[in-house]
Amino acid sequence: MNSVAADDLRNSYISRIGGRPLSGFTKPLARLIDQFERLPGIGPRTAQRLALHLLNQPEEQIHQFADALLAARTQVGQCQTCFHLSADPECEICRNPERRNGVICVVADSRDLLALERTREFQGRYHVLGGLISPMDGVGPELLHVTELVQRITNEEISEVILALTPSVEGDTTSLYLGRLLKPFCSVSRIAYGLPMGSELEYADEVTLSRALEGRRPV
Amino acid sequence: MIGPNGIGKSNLLEAVELLGSLRSHRCSNDRDLIQWDTPQALIRAEVGDGDRLELELRRQGGRQARRNGKLLDRQLDLIGPLRCIGFSALDLDLVRGEPALRRQWLDRVVLQLEPVYADLMARLNRLLRQRSQLWRQRQISSAERHALLDAFDVQMALVSTRIHRRRQRALHRLEPIAQSWQTHLSGGTEALELHYKPGSRLDGEDAEEPWRLAIEEQLREQREEEERLGSCRVGPHRDEIALLLGGSPARRFGSAGQQRSLVLGLKLAELELVTQLCGEPPMLLLDDVLAELDPTRQQLLLEAVGESHQCLVSATHLEGFGGGWQQQAQILGARELRPDLQIG
């Protein structure tokens, strides 16, 4: 299909938007839109935009895209030490000898790890639990990488563990549980909760402010 | 608002309540609030100083709150411009019914005093649910279970302490107001007392730390019983607010008339405290309740609220309302309420 035809199709479709009129679409296109719509954060409008955009790309580009998808799915697994996403048996952070400084930061999943990594402040290594303790969802410590964490602490000469978990009931439960479990082996701390930088005190919500008051420290 | 049953009077009051407080006293599920076979419902109101409030309920997906057309990140921010307090026939259960109803009454007041309270209550409820699920899990070892219970105890002790302290403080402020209404409404024959009976033993001096430690201890001690009975025996979810008239429980010994006056007194105390705190009188929603009061009590209610508060009143008949009410009111009949029905 040439790009003029695709533009026409897009315009005619967008003018009819409202419900989900996937009729009027040739089958392969409808299938592609449907696949995009299954992704998190993508609604019908964005799904169409992406699908129609791809139709305008050179075929080579599409091949690269498809290859990247498949390669990521088949090659990316978990680091056998810290359980961060990794294509190798051990991830880059765990392989880096400079980061072997006796400090482990415990996070719930790889997204949290990436957020902490962006700060460039933390020089130690990580441990990804794979979730938080929540009996309601049937998640107990045995389903998380807790045993492996204890093993690492005894094997790797760890002096400090930093717990960086969300301050929800489940996050706090996991922090308290791990705190008691690990105290005999090393020092355990928890990240502070409080005001985001660059925000004004007067605009902070009450819950954040009261948490920040609780976590106050001497000047 | 005068009209036959089923015309939608209570619906309208419920919509106002929902927009003002984000909750309905009749129903906790949004799906039941949306008209059958339609995907969504929209409540829109324009209040005093020109604020436009909107709440959209959807059968699928959550709610959306807008203020002056702007989508709000936190729905809680919708609360404020439209404060309202409802009176309904269900309120009679406040004296006669389960302790949970009295806790809800007190919680509404605390929530107005301190917005953080909503977070405390949400945490407590979540902790209780997680805790009871933990007992049902069969595959974990006893040592593991108790290690997790320790983690719940620490959090519950802190949250419980804060809830107990806030409820107690609010009750202290409500008591004198309720007492003066009681004297007013009953002609001063029987003294009213509001007793806070916390669901935890609050040992030691009245401060956060000793109470927290005491509650943590009690939570640990009750575990065997908790396992046997399937529910946690200590905490604010077991609070009771005892209402005493002349020293005896109004729940059991009060006459129907006494109970009715007492309910009215408690609600008026809530109203007065909220007015004091917000500086602005909240709107009153009187759902089918005025006609149930005798003329003397109606008159007292009118004197108490009529001058300063806007009231939305629903009833099936205009008869039974004292002259004072009718003179000051704008009366809407079935035709105005439901123009689509074309009632003769």
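The values are calculated or read from the model by the stated rules, or taken from the named source; none is laboratory data. Quick caveat, the model's predicted, so the values are computed rather than measured. Cβ placement follows ideal geometry from the backbone for every residue including glycine, while neighbour counts extend to all protein chains displayed.
Among the residues examined, A:Tyr203 qualifies as without any contact (Cβ under 8 Å) to a residue 12 or more places away in the chain, farther than 26 Å from A:Cys79 by Cα and more than 10 Å from every other protein chain (Cβ to nearest Cβ).
Evaluate the range B:225-234: report whether one residue or more is free of Cβ contacts under 8 Å to residues at least 40 places away in the same chain, within 19 Å of B:Leu94 (Cβ to Cβ) and loosely packed, with under 15 Cβ neighbours inside 10 Å. Within the range B:225-234, not a single residue is free of Cβ contacts under 8 Å to residues at least 40 places away in the same chain, within 19 Å of B:Leu94 (Cβ to Cβ) and loosely packed, with under 15 Cβ neighbours inside 10 Å.
When A:Gly171 is tested against (1) in contact (Cβ under 8 Å) with a residue 40 or more places away in the chain; (2) away from chain B (no Cβ under 14 Å), only condition (2) is not met. Mind checking whether some residue in the range B:40-59 is in a loop (DSSP other than H, G, I, E, B) and closer than 17 Å to B:Arg23 by Cα? So far as the range B:40-59 goes, yes, one or more of its residues are in a loop (DSSP other than H, G, I, E, B) and closer than 17 Å to B:Arg23 by Cα.
Hey, does the range A:58-73 have a residue that's in a loop (DSSP other than H, G, I, E, B), within 28 Å of A:Gln151 (Cα to Cα), of a type outside the set (Phe, Trp, Tyr) and free of Cβ contacts under 8 Å to residues at least 40 places away in the same chain? Checked the range A:58-73: no residue is in a loop (DSSP other than H, G, I, E, B), within 28 Å of A:Gln151 (Cα to Cα), of a type outside the set (Phe, Trp, Tyr) and free of Cβ contacts under 8 Å to residues at least 40 places away in the same chain.
The single residue among A:Glu92, A:Glu157 that is away from chain B (no Cβ under 14 Å) and touching a residue at least 24 places away in the same chain (Cβ under 8 Å) turns out to be A:Glu157.
Only one of the listed residues (B:Asp37, B:Asp93) is of a type in the set (Asp, Glu) and touching a helix residue (DSSP H, G or I) at 6+ places or on another chain (Cβ under 8 Å). That residue is B:Asp93. Within the range A:176-192, the presence of at least one residue that is without any contact (Cβ under 8 Å) to a residue 24 or more places away in the chain, under 15 Å from B:Gln155 (Cβ atoms) and not small (Gly, Ala, Ser) is confirmed.
Of everything in the range B:126-152, what is more than 7 Å from every other protein chain (Cβ to nearest Cβ) and either without any contact (Cβ under 8 Å) to a residue 60 or more places away in the chain or outside any helix (DSSP H, G or I) (or both)? Give them in sequence order. Passing the criteria: B:Arg136, B:Arg138, B:Gln139, B:Ser141, B:Ser142, B:Ala143, B:Arg145. Determine whether the range A:120-137 contains at least one residue that is under 27 Å from B:Val154 (Cα atoms) and β-branched (Val, Ile, Thr). Checking the range A:120-137: at least one residue is under 27 Å from B:Val154 (Cα atoms) and β-branched (Val, Ile, Thr).
For the range B:215-224, the set of residues classified as without any contact (Cβ under 8 Å) to a residue 40 or more places away in the chain, surrounded by 14 or more Cβ atoms within 10 Å (Cβ to Cβ) and assigned to a helix (DSSP H, G or I) consists of B:Glu217, B:Gln218, listed by residue number. Scanning the range B:183-214 for residues that are in contact with a strand residue (DSSP E or B) (Cβ under 8 Å, 6 or more places away or on another chain), surrounded by 13 or more Cβ atoms within 10 Å (Cβ to Cβ) and charged (D, E, K, R) yields B:Glu190, B:Glu193.
The rows are residues; the columns are (1) modelled with pLDDT of 95 or more; (2) β-branched (Val, Ile, Thr); (3) farther than 30 Å from B:Arg136 by Cβ.
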residue: B:Arg169; (1), (2), (3): no, no, yes
residue: B:Ile177; (1), (2), (3): no, yes, yes
residue: B:Ser180; (1), (2), (3): no, no, yes
residue: B:Glu209; (1), (2), (3): no, no, yes
residue: B:Ser231; (1), (2), (3): no, no, no
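Number of residues in the range A:178-200 that are away from chain B (no Cβ under 14 Å) and touching a helix residue (DSSP H, G or I) at 6+ places or on another chain (Cβ under 8 Å): the value is 4.
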